[in-house]
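Taken together, the values in this text are just the output of simple stated rules run on the coordinates, not laboratory data. What you see is a predicted model, and the numbers here were worked out from it, not measured in a lab. All Cβ positions, even for glycine, are placed from backbone atoms using ideal geometry, and neighbour counts span all protein chains on display.
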Amino acid sequence: MLLISGFSTQAYANQMDALLLPDKDRSNAEFDGVRFITLRYAQGSALAELLNGKNARIEFSVNGTFNGTQGNGMDKVIQAINNALLTENKSPMTIENATLRYFATIKGYPDMAQISYNIEFKPTITKYVLQKAGENNQPAIVDLEWRDVVVKGPLMVKTEQYGTVNINQPIGLVQLLYPELAQKLLGSEAKEIMEDPIMNFDKFGLSMKSWHYLFDVTGKQLERYGVFKAGEGGTVSIHSIGESSFREGTYLPVEKDATAKIDGAELKVHASTPPPSGQITIAGYSSVQEKNGAEYSLVYPNSPGGITLDIFGFQFQVLMVFGGIMAAVAVFVLVKARK
């Protein structure tokens, strides 16, 4: 029971899901940025009068390409992310096109307001293959340095419903609904929290050695991506993060606090970013390597010899523990039966 409960997943999380196809070097991914902010103020204050009873919901979707002419700003969003991948992550991965869904709510009460943000960014990715597979089961080399991308600064998109919206900073929603309050927040001690980027996936930068690993020889895991027909996918390697366990410990949210003065009254601002929950699915047998601080994967089309125990790693240890427990139980039952 202890082992099982240790692997419970988070109900809310900053999520990442990516499919890597070494033969094609073009596939899909998803990055979900989540943020919760609580504003606490005195009852009867100016903020209470402004926010109490409010229940606003903003939701829209936009899409675009890297060199798009849609005029909605998605080309600049994609360009900003590609620049971050290249300059900060030193990754060659490039986003060709993407769909973005923005969902945010604000609910006001007599002494507090709760704000939530959820950005779903679904790009088509390419150029993550550093070297294609060769003959005699020579592995492909796949880059993994892109996974902890952080996009700083505002990201502006144009919508039919709401006009231009800053989707990457919490202040964007406030600027849309309460522009005067937004200006006061940016001039206070809450500025750092309100400009902290939501498209921040740095927690996925934890060493790949700490990610869980397993593989599926049936290829069933690829069916949900819709890129292969049943039975065509072959072996699939799966790297996942976010399940708390004895080895990794518990993934905790990132909490930030600030106290500001707004219209002469005290305002306490609390921001919470949920723990990471992610999966990288790779077509083939994946073996993670590291060189000069950069991690990549050797992806074999067929099972390479001598890699079995390395593939199982932690899972092999768990099986040994379970085997020992079952053996002890069997001996205990046998002794009791003889008595």
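Here the extension length gained between N55 and S303 equals 83.8 nm, from 0.36 nm per residue of separation less the Cα-Cα distance. Neighbour counting of Cβ atoms within 10 Å sorts the residues I37, I193, fewest neighbours leading, into I193, I37.
Over its Cα atoms, what ratio of radius of gyration to 2.2 N^0.38 Å does region 2-304 give?
Numbers: Rg = 21.4 Å, N = 303, 2.2 N^0.38 = 19.3 Å.
Taking the Cα Rg and dividing by 2.2 N^0.38 Å, one obtains 1.11.
With both labels modelled 7 Å from their Cα along Cα-to-Cβ, the A42 to N67 distance reads 6.0 nm.
For E88 and T164, what is the calculated FRET efficiency with R₀ set at 25 Å and r taken between the beta-carbons, to the nearest 0.05? After rounding to 0.05, the efficiency reads 0.45. Measuring r between the beta carbons of L214 and T250 and using R0 = 22 Å, the FRET efficiency lands at 0.55. Potential lengthening of the chain between E266 and T99 amounts to 56.2 nm, from the contour at 0.36 nm per residue minus the alpha-carbon distance. Return the ratio Rg/(2.2 N^0.38 Å) for region 9-121, where Rg is computed over Cα atoms only. Output field value: 1.41. For K76, the lysines whose Cα comes closer than 20 Å to its Cα, not counting residues fewer than 8 places off in the same chain, are K90, K122, K127, K152, K158.
A straight Cα-to-Cα reach below 23 Å connects K54 with the lysines K107, K184, K191, K261, K268, residues fewer than 8 places away in its own chain not being considered.
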